[in-house]
Amino acid sequence: MQNNNKVNRLALAVLAGALFSAAAANADDVVTTNTFSGYVKMDVLFNSENDASGGLREQALLTLNADEAKDEEGELYMSAWESRLNFTSKSTGTPVGDLKAVIEGDMYSGATQNVFNLRHAYLQQNNLTIGQTWSTFMDLGALAETADFGGPAARIFTRQPLVRYSVKMGDATLDLAAEKPKNSVDPVMPDLVVNYTTKTSFGHLSAGLLAQQLNDDDGTKDDSAMALAARFSGRINLGGDNLKFSVISGQGLGGYMNFGDVAAYDFSGDKMELSTQTGFKLAYQHVFSDTLRSTLRYAQTTSEIDGIDMGDFSSIHANLVYNPYKPLSYGAEVVSATKAKAEGNALTEDRKLSRLHLFAKLAF
């Protein structure tokens with residue numbers, strides 16, 4: 001019996017040593033890189049016409065959808081709140097594969113826009129992404145360069161908590177995601193997104209499908225509906241220049257499109273009526289030299305709920321960006337936007353924005 005105990009203790013010691021050696025070897029194979037980055041950006045906005053209510057988020061054209069106390073003409077606005085901080089950690093050679101963690105924020109938050117705002121907080125293990133980051137329904141590669149942060153029409157631009165699995169298929173990637181419900185008041189299931197992107201000899205093409213189960217029970221009205229929407233987008237390289245495009249159409253887009261300029265649904269009696277929106281954008285970027293480039297972007301969104309026209313939203317952005325040194329950029333942009341009044345709403349008129357936008361940005 002005593003000999004057996006000695007054998008058992010010896011076996012355990014050998015096993016523990018083997019595990020320790022394996023762990024030490026694995027630890028030696030792990031390479032972790034931590035980076036701290038971000039940028040400082042100063043925006044100077046001058047509105048020659050602005051049918052809006054004032055405030056920083058006008059920079060995203062949000063208040064084109066709200067009633068203004070009075071027209072704001074000759075208005076100057078200055079802000080550094082887009083400035084950003086990013087921390088990224090990457091590890092390779094771990095027993096569970098490649099790992100990545102990202103946390104990022106800016107100052108676009110709070111009543112006075114001076115509170116640190118969480119943009120991204122996610123982890124990746126190989127092909128799995130968990131946390132808050134860009135919605136899978138977006139095509140980041142088709143976003144045109146604009147000084148106006150998030151404001152152009154016909155733009156899917158949102159970050160939200162999600163679980164996403166990406167499958168590499170040669171030069172293509174298939175993304176499958178379950179995301180935090182964007183528009184449902186009483187959610188019972190996540191928003192589901194399928195996205196397929198392929199690299200081509202001339203750029204890339206991408207197609208996405210969004211499915212939402214919308215539920216709303218306010219105590220007097222209780223209904224639900226399934227909403228489907230699709231996107232086709234891409235980038236075409238033309239020598240040093242490029243053309244970016246996107247077509248988005250579907251039901252119940254709500255906060256996915258234009259920061260929710262049109263609600264995902266409304267009630268007609270006791271029945272939920274989904275909104276229907278279609279948007280398109282086209283942007284051409286011309287590169288004059290290694291330090292100078294320009295982008296011209298036009299976009300329009302049409303919307304209706306239960307056959308009622310909710311008003312077209314269109315925007316034009318034209319800019320010139322100068323990069324004397326890669327991390328440093330100076331730019332000027334002219335913005336013209338219109339949000340048409342909704343059908344049958346006598347209290348609203350078309351809203352217009354005419355703006356000169358100057359900026360300076362230093363990345364680090």
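The values are calculated or read from the model by the stated rules, or taken from the named source; none is laboratory data. Being a predicted model, the structure only gives us computed values, none of them experimental. For neighbour counting, all protein chains shown are included, and Cβ atoms are generated from backbone atoms with ideal geometry for every residue, glycine included. Only protein heavy atoms, including side chains, enter the accessible area calculation; ligands, DNA and RNA are left aside. Shrake-Rupley method; radii C 1.70, N 1.55, O 1.52, S 1.80 Å.
Per atom type, the range 107-216 shows carbon and sulfur on 60% of its accessible surface, probed at 1.4 Å.
Charge tally for Gln124 (other residues, Cβ to Cβ under 10 Å; Lys, Arg +1; Asp, Glu -1): +2.
Annotation: Val44 carries an accessible surface of approximately 40 Å², with a 1.4 Å probe and no ligand, DNA or RNA atoms counted. Dipole size of the range 216-353 about its Cα centre, with +1 on Lys/Arg Cβ and -1 on Asp/Glu Cβ: approximately 1140 debye, rounded to the nearest 20. Per-residue surface analysis assigns Met169 an accessible area of about 100 Å², computed on protein heavy atoms at 1.4 Å probe radius.
Here the Karplus relation 6.51 cos²θ - 1.76 cosθ + 1.60, evaluated at θ = phi - 60°, turns the backbone of the range 235-242 into coupling constants of 9, 10, 7, 10, x, x, 8, 8 Hz, with x for every Gly and Pro. Per residue, the range 264-364 exposes an accessible area of 52 Å² to a 1.4 Å probe, with every protein chain left in place.
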